[in-house]
1. Return the whole-Å distance between the Cα centroid of segment 306-370 and the Cα centroid of segment 33-52.
2. As an exercise, use a Förster radius of 45 Å and the Cβ-Cβ distance of ASP298 and GLN437 to find the FRET efficiency, rounded to the nearest 0.05.
3. Determine the share of the chain's accessible area contributed by carbon and sulfur atoms, expressed in whole percent, with a 1.4 angstrom probe.
4. Set the Förster distance to 60 Å, then compute FRET efficiency between ARG357 and HIS449 from the Cβ-Cβ distance, nearest 0.05.
5. Between helix 18-29 and the chain, what is the angle of the helix's C-alpha long axis to the longest principal axis, kept within 0 to 90° and rounded to the nearest 10?
6. Can you compute the helix-only [θ] at 222 nm over the chain? Use -39500 (n - 2.57) per DSSP H run of at least 4 residues, normalise by all residues, nearest 500 deg cm²/dmol.
7. Heavy atoms only, 1.4 Å probe, whole protein assembly: order GLU29, GLU261, GLU300 by accessible area, highest first.
8. Just how much of HIS151 is accessible, in Å², when a 1.4 Å probe is used and the result is rounded to the nearest 10?
Amino acid sequence: MSSPSLFSGPVVIVGGGVAGLVTAHLLSEAGAKVVVIEKFARVGGLARSYQYDGFTFDLGPHRFHTENPNIKTYLDRVLGNNTTAFPRLSEVYFQGSYYRWPLHPKNLVQLPPALAVKSSFDLAINGWKTYGQDNFEDYVLRQYGPTLYEHFFKGYSIKFLGIHPKETHPDWAKVGINRAIIDDKLQMQNLAQLAKSTLLQFNKAEINFIYPQGGGLQVTWDIVADRIKSRGGRILTGVGARLAAGNGRIEAVYAGSERIEPSLVIWTAPITLACDQLGIDTPHLPYLSTLFYNVMVDQEVNRKYQWCYYGADDIVFSRVSTPKFFADDTVPNARATGLCVEVTCREGDERWLHAERLTDWVVDDLIKVGMISSRRNVHDVRVERVADTYPIYHSRYPTELERARKGLAGFENLQLAGRTGMFWYNNMDHSIENAVQLSKKLLRDAGRHDIDEKGLAAGMAG
């Protein structure tokens, strides 16, 4: 890539999610002319927010937690003191009972006795067993044993992903457990680590999260968008992007009818779409989609978690989050509660096409698991269909992803970034770090030797 041309024309960022916006912000501060193209009416991507009837909902339990100084610095100068901090309280619903997650020692006495005995036996003998290494099932059996696999991991994985653990790559287990735990100091990559980390919870203070005040996560991205525009950048919303290439370069990006000739394209939309537009044989890299049932309730809920995982196959949803326990300004009054309920699907399938038909089922199951007491307390339910929320790590995905990357590497001024652009199961902190590191690299390659290891994020004015 001829990076010194970074400032010779517009840098076009396709996708106004976390990675795209932060990259655009940092490059615009360095003097690049940036254009962000976002197909939705508002920026924020998978971290955008919805508001109705005095309630605010994000797309799931998004919040900031990081020990990376670059990311902390970036968030401090974007949000300043306009944040709230709170300790984590997450749970898992298992066989009719709620458990703290990560597991707390007091939860051990709640486990059904037969399950506790079998899991302990697995811990004692599992190291002597031999398992394969080819798929999710092999990984979990080897790490956690057959009891927890059969009673929790197997069912939850099938329910969430829609494919059998034998067809799922072991990477899904590795990254999925890490994303669910969040705390880097806790290790739960096998049954022994699970037991050790559980015992370490005795006197451990919960990790703290930060969250913006005044309108959900959308506040963050609206501030970033305003700063991009204040530096002369453009943000085009409600329009898709189309690539046109020749001679090993992206020669033009079309935003609707507008033609833009870029110096560089940073692609954060699905990697499969880039392949389609550039004539590369489309890889088999499917994405999971999610239906968000934003339930507005006129009562205090019976569980005070920020989010909870539901693995039982007789419950329609896989996760519920409670925005008021991130920030109290996400509800119209102290008694009201919003519940963001997630049901996974594939874009275009029966659930996707007829999502509203599941609304009564969702409400009934919220009553069944004890979250709300009566459907009379439900003020309203709004359904949001969101495509491409998770990459599906099927057993052959590394080969397919490598093929896509090699094909796209043939275009010297195209750079992949972000969750969907890189087919990467990550969180917001990872996307910000991806943007910081990518911006540093591009600027250094362009001859900006004033960019040092402390950051881009630390050294530029807000």
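The values are calculated or read from the model by the stated rules, or taken from the named source; none is laboratory data. Quantities reported herein were computed from a predicted structural model and do not represent experimental measurements. Reconstructed Cβ throughout: ideal geometry from the backbone, glycine too, with neighbour counts over all protein chains shown. Keep in mind that these areas ignore ligands, DNA and RNA; they rest on the heavy atoms of the full protein, side chains included. Shrake-Rupley method; radii C 1.70, N 1.55, O 1.52, S 1.80 Å.
1. Spelled out, the Cα-based centre of one part sits 23 Å from the other.
2. Once rounded, the FRET efficiency stands at 0.50.
3. The computed percentage sits at 51.
4. Numbers: r = 59 Å, r/R0 = 0.98.
Using R0 = 60 Å, I get an efficiency of 0.55.
5. 30
6. It comes out at -9500 deg cm²/dmol, rounded to the nearest 500.
7. On the way: GLU29 25, GLU261 115, GLU300 70 Å².
So the residues, ranked largest to smallest area, are GLU261, GLU300, GLU29.
8. 90
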